[in-house]
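Note sheet for the following structure.
The values are calculated or read from the model by the stated rules, or taken from the named source; none is laboratory data. Note that the structure is predicted; figures quoted are calculated from it, not measured. Virtual Cβ from ideal backbone geometry, glycine too; neighbours counted across all protein chains shown. The area values use the complete protein model at the heavy-atom level, side chains included, leaving out ligands, DNA and RNA. Shrake-Rupley method; radii C 1.70, N 1.55, O 1.52, S 1.80 Å.
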Amino acid sequence: MKKALFVGATSLALVAGTISTAQAAPRPVDITGYSVKDVVFDRAGCQRVPVKVKARIDKTVDRESLSAIVELARGKYIYTDEGYAFTDGSSGEALICDDDGYGKIKVGPAEVDGMLKNSEDEFYSKDKTTSSFHVRVKAKAALNAKRSGSKVVLTASASRFNEHTDAYKAYSPKKAKIQVKSGTKWKTVKTVDLKKGKATYTVKRKSKASYRLTFDQVTWATGATSKSVKK
């Protein structure tokens, strides 16, 4: 059974700009975008994430009557959650939990309905506008250095939060960079793929230098940069 990504009711605020009848959109409410910040988990639990719907609303619309059902999807799995459009600028919230999984979440399309002012006429429309945000797990980087004569052995390691144990476990990012500080800038001396959370590289250098490990974020995990070590 699929587990629901978003739990409970989600209130969505319509950040509206009124349009004149002469410039009216083909439908009374035209969604122009969504605003949702990325989510990062570094501990077990759930986070309430503000969700805003940006839209152009025709003057003829009774704003108090507006409501929207916005589709939320991760890959081929589609989840829907009902949201109510307010006019006071307040944000709605999506409840996202660490054990729901990580990755890119598509927001939209949506179904919008409401009523016209001074009328009992109702309207219903489908809006194809979409946006996205990411749910990521927190990753950490570390670098250990040992010198033996003119050789410096650098041991890179990485870990990421494990939602099942509420602790960190070995993480193996690709194309991680071992860097040395040259003046005020960092220069990559080796690009490595970590295996079982570790990688080792030996540098030949007589003088002391500062080294660090860094890797980029991916769709489901954050990037990280280690503290520098001097050897």
Step by step: first the residues of segment 206-223, then only those that are within 25 Å of Val135 (Cβ to Cβ) and in contact with a Ser or Thr (Cβ under 6 Å, 6 or more places away or on another chain), then the one that is most open to solvent (accessible area, probe 1.4 Å). Which residue is that?
Thr214
Take the conditions open to solvent by 90 Å² or more (accessible area, probe 1.4 Å) and of a type in the set (Ser, Thr, Tyr) and apply them to Tyr124. Does it pass?
yes
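For Ala167, state whether it is within 30 Å of Asp98 (Cβ to Cβ), small (Gly, Ala, Ser), without any contact (Cβ under 8 Å) to a residue 24 or more places away in the chain and open to solvent by less than 80 Å² (accessible area, probe 1.4 Å). Break it down stepwise before answering.
On the way: within 30 Å of Asp98 (Cβ to Cβ): yes; small (Gly, Ala, Ser): yes; without any contact (Cβ under 8 Å) to a residue 24 or more places away in the chain: yes; open to solvent by less than 80 Å² (accessible area, probe 1.4 Å): yes.
So Ala167 fits the description; yes.
Right, Ser11: closer than 30 Å to His164 by Cα, at pLDDT 80 or above and in contact with a strand residue (DSSP E or B) (Cβ under 8 Å, 6 or more places away or on another chain) or not? Show your work before the answer.
Numbers: closer than 30 Å to His164 by Cα: yes; at pLDDT 80 or above: no; in contact with a strand residue (DSSP E or B) (Cβ under 8 Å, 6 or more places away or on another chain): yes.
Taking the combined requirement at face value, the residue does not satisfy it.
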Residue list for segment 103-118, restricted to those being at negative phi and open to solvent by 40 Å² or more (accessible area, probe 1.4 Å):
Lys104, Lys106, Pro109, Glu111, Asp113, Met115, Leu116, Lys117
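Restricting to segment 132-145, and then to whatever is open to solvent by 40 Å² or more (accessible area, probe 1.4 Å) and in contact with a Ser or Thr (Cβ under 8 Å, 6 or more places away or on another chain), can you tell me which residue is farthest from Trp220 (Cα to Cα)? Walk me through how you get there before you give the answer.
Going through segment 132-145, the residues open to solvent by 40 Å² or more (accessible area, probe 1.4 Å) turn out to be 132, 138, 140, 142, 144.
From what's left, in contact with a Ser or Thr (Cβ under 8 Å, 6 or more places away or on another chain): 138, 140, 142, 144.
Details: Lys138: 9, Lys140: 14, Ala142: 20, Asn144: 26 Å.
Among them, the one singled out is Asn144.
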Taking the conditions exactly as written (part of a strand (DSSP E or B) and among the polar types (S, T, N, Q)), does Ser159 satisfy them or not?
yes
Residues located in segment 170-205, provided they are within 17 Å of Ser157 (Cβ to Cβ), in a strand (DSSP E or B), in contact (Cβ under 8 Å) with a residue 40 or more places away in the chain and open to solvent by 80 Å² or more (accessible area, probe 1.4 Å):
Lys198, Thr200
